[in-house]
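All of the numbers you see were taken from the coordinates with simple rules; none came from a lab. Values in this document were obtained by computation on a predicted structure and should not be read as measured data. Cβ: placed from backbone, ideal geometry, glycine included. Neighbour counts: every protein chain shown.
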Amino acid sequence: MRIVENRKELHAYLAQARADKKQIGFVPTMGALHKGHVSLVTRSATENDECVVSVFVNPTQFNDKNDLSSYPRTLEQDCALLEAAGCTLVFAPSEEEMYPEVDTRVFDLGPVAQVMEGARRPGHFNGVAQVVSKLFELVTPTNAYFGEKDFQQVAIIREMTKQLKFDVNIISCAIVRETDGLALSSRNTRLTAEQRHKAPVIAATLNESLQLKETKSVQEVIDFVISTLNNVDEMEVEYYEIVDGISMQPIKAWSDSTYCVGCITVYCGKVRLIDNITYTRD
Ligand code: PAF
C-alpha cells in the first residue's frame, strides 16, 4: 500500500494505473476509521483493481469549529486498517494541499439539501460537495463508495455528481452495526460508558417502529419514535423525519412513496448520533 500526501504523487500513481487500464475504486473518509469504513474499503478492493482511500478532515464541512479541532486524527492506526482491508493507495493531503486557494464555490443542490441535516447544519453539505468534487477530479474513480448511515449525504453526492457530470458510479453501502444494534460512528467513542450502554435504544426503537407501520399513520410512527427516545434519560431527539429515499422530502402518507426511510438525529448527552431505517422499498 502506498501513502501519498500530495496531488503530484497521486496523479503520477493514478496515471500509471489508468495507462494499465485498471479500474479505480474510491472511498473518501475523514479518518478515525472503524468497521463501517473498513466494509466500504473491502468492497471497493473486491470490485476494483485499485482501491484508493482519502483521509482528510475537511474543514469546510464543519459548522462548529470545536468539532473540527476535536475531530480524532489517527492516521497511523487508519493506515494499518486500510492495508489489512486491501487498500492500495492512501491519499492523506494537508489542508494547504487540498485548498491551495479558498474554495468559494456555492452549490445549489436543490431540495435534497434543504431538509434535515441541510436545514440544521448550514454550509455542511456545501463543504461536503466542495471536497468530494475536488477528490473526484483528482482520483477520477470508476466507482465511489459511501455509507448509508449518512443517508442524506449520499443523496447530496448523487446530486453533485449529476450536476458536475462526473463519470462515476455512486455506490451506497448498508450501515454496519455493533452487535447490540448501535450504528458504527467515529462519534461513538465520545459516549460515556453509561451513554454507550443506552445508545442501542435508538436502533431498537426504529426497529420496533417497523411493526407499527401496518396499523399507524406516518405521523403516529414519528410521534412514537420521538416520545420513546425522549423518555430515555440523556436522550433528546433533534428530529425524526420519514422521507422519500430519493428526494429526501418528508412524506405524509405511506402511499406517498415506494421508498420510505426514517432518518433520525438524537443527542445522547452532548454526542450527536444519526441513524436511519427503511420502511418500504420496491
Ligand atoms: O462522510 C464523511 O466522512 C465525509 O463527509 C466525506 C464524504 C469523507 C467528505 O469529507
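Rounded to whole numbers, the Karplus 3J(HN,Hα) couplings from phi for region 249-265 are 7, x, 9, 9, 10, 4, 6, 5, 8, 9, 9, 9, 10, x, 10, 10, 10 Hz, using 6.51 cos²θ - 1.76 cosθ + 1.60 with θ = phi - 60°, and x at Gly and Pro. Inter-label distance, T280 to E9: 5.2 nm, where each label sits 7 Å from its Cα along the C-beta direction.
Working note: Cα gyration tensor of region 12-110, eigenvalues times five, square-rooted, sorted largest first, giving semi-axes of 25, 18, 13 Å.
Note on region 151-282: along the principal axes its Cα atoms extend 46, 36, 24 Å, ordered by decreasing extent.
A cut-off under 14 angstrom between Cβ atoms defines the neighbours of G31, and their net charge, with Lys, Arg +1 and Asp, Glu -1, is -2. On the basis of the beta-carbon distance and an R0 of 45 Å, T192 and K22 show a calculated FRET efficiency of 0.45.
Here's the picture: a label point sits 7 Å out from the Cα of R2 along the beta-carbon direction, and within region 66-87 the residues with their amide nitrogen under 20 Å of it are 76, 79-87. Positive contributions from Lys and Arg (+1) and negative ones from Asp and Glu (-1), summed over other residues with Cβ under 11 Å from the Cβ of E117, come out at 0. Put a dot 7 Å past the Cα of L212, heading toward its Cβ, do the same for H34, and the two dots end up 2.5 nm apart. About its Cα centre, the dipole of region 158-203 is roughly 140 debye, where the only charges are +1 on Lys and Arg Cβ and -1 on Asp and Glu Cβ.
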